[in-house]
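Encoded as structure tokens, the structure appears first; notes follow it.
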Amino acid sequence: MVHEIPPRSGAGFILERGQRLTVIDPCGEQVSDLLAFARDDVDEVISSGRTLDYLSRIYLTVPDPLYSNRSNIMLQIVEDTVGRHDFLLTPCSRDTFRIIYGDEQPHRGCFGNLAEALAPYGIVPDRIPVAFNLFMNVPVDGTTGELKVLPPLSKAGDRIVLEAKMDLLIGLTACSALQSNNGSFKPIHYRID
């Protein structure tokens, strides 16, 4: 069964060990922020720092694992039709839109959407870490270290499949930032197998 996350919103759900999460970009050029918490102990959470440290690179794809803050593998990428995702930038938020875009009435962004989706599971906003930003295209200049957010490389129907290596609580969004999504907002689809 395919579930839809409407534009600029999020979802929270359980993913059991051994299940596979397929995240699909149905229209193309749409980012999806992914968070993972250990189901039995939400103090264990997906870690950008540990994952990038252990893999010694910033662009992840098949067959890369995603590690927790306790150095346990939470998820493993088993299929990826895009090959470019971001694990450096924080979920967009009201402050992102206020500081970067100058919005006077800022949207709550992925951060707010994740906070709402995960609240029923006891996750408070201060517990939200850097997300694994599926389909987000963030090239880094190797000399200066400058980051750029460019349009996603994903086309309609592209997907990434991640296998759970433990019982997890997942947060997933259809990203709310214009810059990340080439100027428009679209849905994200996901399926659990």
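General observations
- In the chain, helices alone account for a calculated mean residue ellipticity at 222 nm of -3500 deg cm²/dmol, with every DSSP H run of four or more residues adding -39,500 (n - 2.57).
- Accessible area of the chain divided out per residue, in Å², using a probe of 1.4 angstrom: 45 Å²
- Reach of residue 186 by Cα under 20 Å, taken over lysines that are not fewer than 8 positions away in the same chain: 155
- Extending 7 Å from Cα along the Cβ direction at residue 141 and again at residue 127 yields two label points whose distance is 4.0 nm.
- The chain - percent of accessible surface contributed by carbon and sulfur, probe 1.4 Å: 48 percent
- Computed from backbone phi, the HN-Hα couplings of the stretch 179-189 come to 4, 6, 10, 6, x, 9, 10, 9, x, 10, 10 Hz, rounded to whole numbers (Karplus: 6.51 cos²θ - 1.76 cosθ + 1.60, θ = phi - 60°; Gly and Pro given as x).
- Computed E for residue 71/residue 193 - FRET, C-beta separation, R0 25 angstrom, nearest 0.05: 0.40
- Sorted peptide list for 13-20, 160-167, criterion being average Cβ within 10 angstrom, highest first: 160-167, 13-20
- Note on the stretch 100-193: Kirkwood hydrodynamic radius from all Cα pairs is 15.6 Å, rounded to one decimal.
- The charge dipole of the stretch 1-109, taken about its Cα centre with unit charges on the Cβ atoms of Lys, Arg (+1), Asp and Glu (-1) only, comes to about 80 debye.
- Kirkwood-Stokes translational diffusion coefficient of the stretch 15-88, alpha-carbon pairs, 25 °C, 0.890 mPa s, µm²/s: 186 µm²/s
- A simple charge model with +1 on the Cβ of Lys and Arg, -1 on the Cβ of Asp and Glu and nothing else charged puts the dipole of the stretch 43-167 at about 100 debye relative to its Cα centre.
- Net charge over other residues, Cβ less than 15 angstrom from the Cβ of residue 57 (K, R count +1; D, E count -1): -2
- Label point distance in nm, residue 184-residue 42, each placed 7 Å from Cα along Cα→Cβ: 3.6 nm
- Semi-axis lengths, largest first, of the ellipsoid equivalent to the stretch 24-175 are 22, 21, 16 Å, with √(5λ) applied to each eigenvalue of the Cα gyration tensor.
The values are calculated or read from the model by the stated rules, or taken from the named source; none is laboratory data. Since this is a predicted model, take the numbers as computed values, not measurements. Cβ atoms come from the backbone with ideal geometry, glycine included; neighbour counts cover every protein chain shown. Accessible surface is based on the protein model in full, side chains and every heavy atom, while ligands, DNA and RNA are left aside. Shrake-Rupley method; radii C 1.70, N 1.55, O 1.52, S 1.80 Å.
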